[in-house]
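Take a look at the structure below.
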Amino acid sequence: MGTSPAPNPDDLLILLAVARSGRFTTAAEGLGLNHTTISRRIAALEKVLGGRVLARTVGGWELTELGRRAAGAAEHIETAVARIHEGEEETDQVSGVVRVSATDGFSGYIIAPAVAGLRRTHPNLSVEIVNVTRRALQHRSGLDIEVVVGEPQVHRAEAVCLGQYMLGMYASRSYLEENGTPADARELTRHGLVYFVDSMLQVDALDAPRRLVPSMQDSLSSTNVFVHVQATRAGAGIGFLPCFMADPHPDLVRLLPDDFAELLPYWMVLRPDTLRQPAVAAVARALRTQTAAFEPELLGRGRGA
């Protein structure tokens, strides 16, 4: 009985590059190859292994069960190659590119300082952030970490609750001087709302203003929460804002805190195969640490507390 040919180690490493990026073109650029070569080498690997190692999804390419086993073997090869020079100098394993998807506010106040701290000791680490406010993806090709609002319903992924944050109603002092300060929710409906574009909002947990004050009309809407803050400061209306983003501005006043205090969770979603990468694991730890350190501000206790 003949034995099956062993897969080419180079083909396994190419598969690993495609799995991490989710795209043939990105893997090709990183490896210095062309797209056609990547396709041909993956096809050769599938022929040797006797099955598909990649499956097309909406977001790119995902590993099949056979592909996950092959990628695991590729990681062992990658580690073995890195150890060749261990006797000469210690290799920093926390290096390379980590791709994160997160909301605008979390990216600015949590990810940015967390990565800045990591890079002081790991200068070869690079983090790419894609800013979106959406529910967790079922297929997250090309992403190592997702941070979403609300508990995610995901398969073949690890979900971790990072913490909670508070949202409240805010207005600028100049706006209130000109338009009056609402004394209750009924009076609030006479003012325009600064918030997300309702038709484009993909996160059910962020529906509080439309649920609590449905008759409040939109005055300025944006998909970017930094725009919400600046528009509220400029007097475009009353903004429903994360406290950690509004409280640092002394020109903003929080309104009716007993009636409008929406507490929402941040969740981190990771694929098990990416979590085995030292760089991804280091970024995930840093995000948990930074979120915990920033908890008073996230919960709206930062101003004057």
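Quick note: the coordinates plus some simple rules give every number you see, no bench work behind them. These numbers were taken from a predicted model, which means no experiment stands behind them. Positions of Cβ are backbone-derived with ideal geometry, glycine not excepted, and every protein chain shown enters the neighbour counts.
Descriptive notes on the structure:
- If you take the alpha carbon atoms of region 193-305 and fit the smallest convex hull around them, that volume is 126 Å³ per residue.
- In range of the label at Val197: residues from region 225-248 whose backbone nitrogen is under 13 Å from the point 7 Å along Cα→Cβ: 225
- Estimated FRET transfer efficiency when R0 is 30 angstrom, pair Ala234-Glu128 (beta carbons, to 0.05): 0.45
- Each of Glu62, Glu151, Glu146, Glu177 was scored by other Cβ atoms within 10 Å of its Cβ. Listed from fewest to most, they are Glu177, Glu151, Glu62, Glu146.
- Scanning the chain for DSSP H helices at least 20 Å long along the axis (C-alpha atoms) with a Kyte-Doolittle mean no lower than -0.5 picks out 35-49, 65-82, 278-293.
- Cα centre as origin, Lys/Arg/Asp/Glu Cβ charges: the chain dipole, Debye: 640 debye
- Within region 161-305, DSSP assigns beta bridges of which about 75% are antiparallel (rounded to the nearest 5).
- For the pair Ser222 and Lys47, a Förster radius of 45 Å applied to the C-beta separation gives a FRET efficiency near 0.35, rounded to the nearest 0.05.
- Taking label points 7 Å from Cα along the Cα-to-Cβ direction, Leu31 and Glu158 give a separation of 2.7 nm.
- Contour minus Cα-Cα distance for Glu151 and Thr57 (0.36 nm per residue): 31.6 nm
- Maximal additional length on extending the Ser95-Thr121 stretch stands at 8.3 nm, based on 0.36 nm per residue less the C-alpha distance.
- By DSSP, the beta bridges lying fully in the chain are antiparallel in about 65 percent of cases.
- For region 9-85, the ratio of Cα radius of gyration to the globular rule of thumb 2.2 N^0.38 Å stands at 1.04.
- Computed over the chain, the alpha-carbon pair-distance distribution with 10 angstrom bins reads 6, 24, 26, 19, 13, 8, 3, 1, 0, each value a whole percent.
- Most mobile listed residue (Pro209, Pro265, Pro257) in the chain, GNM with C-alpha springs under 10 Å: Pro257
- Here the residues Leu275, Leu206, ranked from fewest to most Cβ neighbours within 10 Å of their Cβ, fall in the order Leu275, Leu206.
- Each Lys and Arg contributes +1 and each Asp and Glu -1, all at the Cβ; summed about the Cα centre of region 164-263, the dipole is approximately 120 debye.
- Loop-located trypsin sites (Lys or Arg not before Pro) in region 181-262 whose Cβ has at most 15 other Cβ within 10 Å (DSSP): Arg190
- Every helix of 4 or more DSSP H residues in the chain counts as -39500 (n - 2.57), and over all residues that averages to -11000 deg cm²/dmol at 222 nm.
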